[in-house]
Amino acid sequence: MDATVGIPPGVTEETEPFWTAASEGRLLVERCTSCGRDGFPPRGICRYCRCRSMTQAEITGHGRVYSYTVNHQRWLPDLEVPYAIVLVEFPEHPGVRVAGRLRGCAPEEAAIDMEVEIGFEPGPGGYAIPSFVAVKGDQV
């Protein structure tokens, strides 16, 4: 699948650190300086305590598929189908779930609790888009 097909993301003051880090191959979430909880996507305000003092936290390591869908609809003329979109949780960042395309296996192999690594691929408008790569052998 070619991830450069589609609409480029809208970059705002709140999302700019995320997109800059993505271009460097790093996945960032927001961390509240008041309650210490992480949130995604970036909003500039804590979802839990409503504090507006946020910092960035980098997600490293593997995640687990929380949910997924296999898309067979060709939404754009150049979009290859089928492909799997996964919603991934990270043990060190409770409550954070990040969506992205699943790579490294056939779409029909997607499964709940599948172990994945963080990856990025070229996206529309030259942005790096988060995606996830299946870890073979489920090593966690």
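Taking only Cα atoms and a 10 Å spring cutoff, compute GNM fluctuations for the chain and point out the largest among C46, C32, C105.
Among C46, C32, C105, the largest mean-square fluctuation in the Gaussian network model of the chain belongs to C105.
Among rounded, prolate and oblate, which fits the stretch 52-93 when a ≥ b ≥ c are the square roots of the eigenvalues of its C-alpha gyration tensor, a/c under 1.5 means rounded, and a/b larger than b/c means prolate?
Note, shape of the stretch 52-93 comes out prolate.
Sort H62, H93, H72 from largest to smallest accessible area, using a 1.4 Å probe on the heavy atoms of the protein chains.
H72, H62, H93
What accessible area, in Å² to the nearest ten, does a 1.4 Å probe give for S23?
So the heavy atoms of S23 present about 90 Å² to solvent.
Which order do you get for D113, D78, D38 if you rank them by accessible area with a 1.4 Å probe, largest at the top?
From most exposed to least exposed: D78, D113, D38.
Quick one: if you stick a label point 7 Å off each Cα along the C-beta vector at Q56 and I7, how many nm between them?
According to this spin-label approximation, the distance is 2.5 nm.
Keeping all protein chains in position, work out how much accessible area V133 exposes to a 1.4 Å probe, and write it in Å² to the nearest 10.
Here the accessible area works out near 40 Å².
When the helices in the chain are scored as -39500 (n - 2.57) per DSSP H run of 4 or longer and the sum is shared across all residues, what 222 nm value do you end up with, to the nearest 500 deg cm²/dmol?
After summing the helix terms and dividing by residue count, I get -1500 deg cm²/dmol.
In the chain, what percent of the accessible surface is made up of carbon and sulfur (1.4 Å probe, ligands and nucleic acids excluded)?
Carbon and sulfur atoms account for 50 percent of the accessible area of the chain.
Given R₀ = 35 Å, FRET efficiency for N71-C35 by Cβ-Cβ distance, to 0.05?
Efficiency, rounded to the nearest 0.05: 0.45.
Compute the Cα gyration tensor for the chain, then decide on rounded, prolate or oblate, letting a ≥ b ≥ c be the square roots of its eigenvalues: rounded whenever a/c is under 1.5, prolate when a/b is larger than b/c in the other cases, and oblate in all that remain.
oblate
Residues of the stretch 27-114: accessible area per residue at 1.4 Å, in Å²?
On the way: 4890 Å² over 88 residues.
Each residue of the stretch 27-114 exposes 56 Å² on average to a 1.4 Å probe.
The values are calculated or read from the model by the stated rules, or taken from the named source; none is laboratory data. Source: prediction; values computed, not measured. All Cβ positions, even for glycine, are placed from backbone atoms using ideal geometry, and neighbour counts span all protein chains on display. Areas reflect the complete protein model, heavy atoms only, side chains present, ligands, DNA and RNA absent. Shrake-Rupley method; radii C 1.70, N 1.55, O 1.52, S 1.80 Å.
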